[in-house]
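*Asks:* First the structure, then my questions, so here it is.
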């Protein structure tokens, strides 16, 4: 007869759990009920809980952030409504990164080869100018290169290179990303406006 493994111990301290409980209350009220244009208000709430946000970063009210103290966003980086940012470990969105609706940034996994399945936090980095389209899954430990595009409903399990259009599950580069209005952008690393989510 196989013995039942003991329940796993939480890797999070009492203080950590208390902060997440407090943040959950703030997120479901002051954050979520705020009008869409009130980006500075939501940024203030996130920063009070330790987020590292550029003043021009934008997070929409229906986005979910698990632990603000593990979130970094550069200038004009955007998280759209209904994005789930599971930032158990650091999630970094560099300048002009856009995360579109229903995408899931998964900052942790579990070791399924151990009976207790302990939590394994892993960072995610999405580099400047990249657009994550709607309903994309980004796995723990992934880095996505600058100025790339990940197509809708793709799943990203490994690192992706710079200046590529990537689609599929698992997501793979299918072509270079080129700018019709600026043909030399990939060479000059031009900083265009990010797309609106």
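*Asks:* Okay, helix-only estimate at 222 nm for the chain: each DSSP H run of n ≥ 4 adds -39500 (n - 2.57), divide by all residues, round to 500 deg cm²/dmol; what do you get?
*Replies:* Taking each H run of at least 4 residues, the total per residue is -4000 deg cm²/dmol.
*Asks:* Where does each of 53, 33 land when they are ranked from fewest to most other beta-carbon atoms within 10 angstrom?
*Replies:* 33, 53
*Asks:* Sorting 49, 31, 14 on the 10 Å Cβ count, fewest up front, what's the list?
*Replies:* Final ranking by Cβ density, sparse to dense: 14, 49, 31.
*Asks:* Then there's this: In whole percent, what relative contact order does the chain give with Cα contacts below 8 Å and a gap of six or more residues?
*Replies:* Relative contact order for the chain comes out at 13 percent.
*Asks:* Taking the simple approach of a point 7 Å from Cα along Cα-to-Cβ for both residue 122 and residue 38, what is their distance in nm?
*Replies:* According to this spin-label approximation, the distance is 3.8 nm.
*Asks:* Quick one: if the Förster radius is 25 Å, what FRET efficiency do residue 54 and residue 174 give, using the C-beta to C-beta distance and rounding to 0.05?
*Replies:* It comes out at approximately 0.20.
*Asks:* Looking at the calculated P(r) for region 119-161, what percent of the C-alpha pair distances fall above 13 Å?
*Replies:* Here the long-distance tail beyond 13 Å is 50 percent of all Cα pairs in region 119-161.
*Asks:* Something else now. Once you wrap a convex hull around the alpha carbon atoms of region 57-117, what is its projected area averaged over all directions, in nm²?
*Replies:* If you wrap the Cα atoms of region 57-117 in a convex hull and average its projections, you get 4.5 nm².
*Asks:* For residue 152 and residue 15, what does the FRET efficiency come to when R0 = 35 Å and r is the distance between their Cβ atoms, rounded to the nearest 0.05?
*Replies:* Efficiency computed from Cβ-Cβ geometry: 0.35.
*Asks:* Here's another thing I want to ask about it. Could you state the angle between the C-alpha long axis of helix 39-48 and the longest principal axis of the C-alpha atoms of the chain, as a value from 0 to 90 degrees rounded to the nearest 10?
*Replies:* 40
*Asks:* Sticking with this structure for a sec: What residues of region 152-173 lie in the reach of a label at residue 82, counting those whose backbone N is under 18 Å from a point 7 Å from the Cα along Cα→Cβ?
*Replies:* 152-155
*Asks:* Mind grabbing the base-10 log of I(q)/I(0) for the chain at q = 0.11, 0.12, 0.15, 0.17 Å⁻¹? Debye formula, identical points on the C-alpha positions, no solvent, two decimal places.
*Replies:* Here log10 of I(q) over I(0) equals -0.52, -0.61, -0.90, -1.10.
*Asks:* By how many nm would the segment from residue 181 to residue 114 lengthen if fully extended, with 0.36 nm per residue of separation less the alpha-carbon distance?
*Replies:* 18.9 nm
*Asks:* Indicate, rounded to the nearest 5 percent, the antiparallel portion of the DSSP beta bridges found entirely in the chain.
*Replies:* Expressed as a percentage, antiparallel bridges in the chain total about 20.
Values quoted throughout were computed directly from the atomic coordinates according to the rules given, and no laboratory measurement underlies them. Bear in mind the structure is a predicted one, so any value in this text is a computation, not a measurement. A quick note on method: Cβ atoms are made from the backbone with ideal geometry, for glycine too, and the neighbour counts reach across all protein chains shown.
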